[in-house]
Amino acid sequence: MRKIPYLLIIFSMCSACAQKNDSKKLTETQQQTKNNMDTTKLNETVKKAFDAWQSGDAETFTSFFTGDAKLYDDGNPRDFKKFIKDACGHEKFTSIDKIENDGKTIYGQFHTESWGDFKTFFKFNINSEGKFDTLEIGQAN
């Protein structure tokens, strides 16, 4: 009977070590992702929208857009509100490779639950009132 408590103690110690190592790996992965996400060159409004997208905050993300915002996916029109509902919180950038167009176009690695990982772009068009009226997305080369 004494063997069981010793085995439990050993098992508990091993479990604690495994948990500690897993949390360290997670921290390293999070740090690596953070290092690949330099947003300092983004337009100020794009950065706020990007941060909302990345955190899955659809309400804040859409607050930067006009009520009749247009969405184009690889040049094809899509329902903007449906896209936000379906994708925000489930899809996000895992790295930023390039920023263009005065900080309004983002190229990078993107992860989706449906399609996996691929290179994509988000191109934000800002109207004269400072709101986005168009979002162009698509696969990047």
Do the conditions hold for GLN54, that is, is it of a type in the set (S, T, N, Q) and at pLDDT below 95?
no
Qualifying residues in segment 87-141 (those that are touching a Lys or Arg at 6+ places or on another chain (Cβ under 6 Å) and part of a loop (DSSP other than H, G, I, E, B)) - the one nearest to TRP53 (Cα to Cα)
GLY103
Only one of LYS104, LYS119, LYS123, LYS98 is touching a helix residue (DSSP H, G or I) at 6+ places or on another chain (Cβ under 6 Å), surrounded by fewer than 19 Cβ atoms within 10 Å (Cβ to Cβ), in the same structural domain as ASP57 (by TED's automatic domain parsing) and charged (D, E, K, R); which?
LYS104
Taking interchain pairs and intrachain pairs at least six residues apart, which have beta carbon atoms under 9 angstrom, with the first residue in segment 61-73 and without any contact (Cβ under 8 Å) to a residue 40 or more places away in the chain and the second β-branched (Val, Ile, Thr)?
PHE61/ILE84; THR62/ILE84
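The values are calculated or read from the model by the stated rules, or taken from the named source; none is laboratory data. Bear in mind that the values here come from a model prediction, so they are computed numbers and not experimental data. We place every Cβ from the backbone using ideal geometry, glycine too, and count neighbours over all the protein chains shown.
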